[in-house]
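Below is one structure; the comments refer to it alone.
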Amino acid sequence: MTEPTSLPVISTWDLFPDLERRPRLLLGIDPEWLARGVRPSPSRTWHHLRHQAGGIHCDQVELLATELVLRPERETGLLELADRFGDTNLSGWGITIDDLVRYRDALRGLLGVDCALSYREFREAVYPIDVTPEHLRHLAVDELPRRLDDLLEVDERFTLALGMLNRWRLWVISENSD
């Protein structure tokens with residue numbers, strides 16, 4: 001078994017200094033997969049990102065991610081989404097079902113996507129979207145493989161079967177208010 005690829009952890013502020021003006025669309029997996037012999041394919045640029053979220057609660061979330069190129073017609077909706085939930089401190093003081101309903105309605109209305117499975121990661125500055133082929137095509141211009149796991153390299157194929165459900169994350173990240 002080879003050693004996992006070690007990507008340095010980088011702050012999203014260092015990678016995206018204009019994050020307050022331009023939210024980003026990221027596709028990724030939990031970095032814990034690196035310790036299981038899973039590596040990102042060199043077919044895309046990947047980063048081990050640490051992002052501050054949750055308003056003044058200052059959650060530190062991590063994602064082994066690749067940035068997707070947003071379709072130009074989705075830009076306005078993405079900006080509105082980040083504006084609508086910025087400065088809310090969501091997660092720091094808890095998230096109510098009303099907060100989740102407002103977020104889901106905003107996702108559907110502004111971007112035409114959903115968070116029926118991914119809503120648990122919702123907080124200020126991290127806006128999760130369900131990872132489906134339809135959502136990916138609707139939001140991004142990137143040509144992605146039909147099986148997202150083809151974006152990964154593994155020492156042992158059965159490793160991917162261990163966590164195949166909900167391995168992938170699709171996040172809009174924006175500035176955190178604190």
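Just so you know, all these numbers are worked out from the coordinates, no wet-lab data involved. Computed from a predicted structure; not experimentally measured. Quick reminder, even Gly has a Cβ in these numbers, built from the backbone with ideal geometry, and neighbours come from all protein chains shown.
Would you mind ranking Glu134, Glu121, Glu143 so that the residue whose beta carbon has the fewest other beta carbons within 10 Å leads the list?
Working: Glu134 11, Glu121 17, Glu143 6.
Ranking Glu134, Glu121, Glu143 by Cβ neighbours within 10 Å, fewest first, gives Glu143, Glu134, Glu121.
Put a dot 7 Å past each Cα toward the Cβ at Arg36 and Val154; how far apart are the dots in nm?
Taking the two extended label points, one gets 0.8 nm.
So for Val113, Val131, fewest C-beta neighbours within 10 Å to most, what's the order?
Ordered from fewest to most neighbouring Cβ atoms within 10 Å, Val113, Val131 come out as Val131, Val113.
With 10 angstrom as the radius, rank Tyr119, Tyr103 by how many other C-beta atoms surround their C-beta, starting from the fewest.
Details: Tyr119 18, Tyr103 22.
Going from sparsest to densest Cβ surroundings: Tyr119, Tyr103.
Expressed in nm to one decimal, what extension gain is obtained for the pair Glu143 and Leu100 from 0.36 nm per residue of sequence separation less their Cα-Cα distance? Provide the component values of the computation, followed by the final result.
Values: separation 43, 0.36 × 43 = 15.48 nm, distance 3.05 nm.
Taking Glu143 through Leu100 to full extension adds about 12.4 nm, to one decimal.
Contour minus end-to-end for Leu15 and Leu110, with contour as 0.36 nm per residue of separation and end-to-end as the Cα-Cα distance? Intermediate results must be reported in sequence, preceding the final value.
Working: separation 95, 0.36 × 95 = 34.20 nm, distance 2.61 nm.
Result: 31.6 nm gained on full extension.
With +1 on the Cβ of every Lys and Arg and -1 on the Cβ of every Asp and Glu, and nothing else charged, how large is the dipole of the chain about its Cα centre, in debye rounded to the nearest 20?
That gives the chain a dipole magnitude of about 400 debye.
Which FRET efficiency value, to the nearest 0.05, do you get for Arg71 and Trp93 by plugging their Cβ-Cβ distance into 1/(1 + (r/R0)^6) with R0 = 25 Å? Each step should come with its number before you reach the end.
Values: r = 34 Å, r/R0 = 1.36.
It comes to 0.15.
Evaluate the charge dipole of segment 99-143 about its Cα centre and quote only its size in Debye, nearest 20, assuming +1 on the Cβ of each Lys and Arg and -1 on the Cβ of each Asp and Glu. Could you put the intermediate results ahead of the total?
On the way: 6 positive and 9 negative charges, 36 e Å.
Charge dipole of segment 99-143: 180 debye, to the nearest 20.
Direction-averaged shadow area of the convex hull around the Cα atoms of segment 9-173, nm²? Show your work: numbers first, answer last.
Details: hull surface 37.2 nm².
Over every viewing direction, the Cα hull of segment 9-173 projects on average to 9.3 nm².
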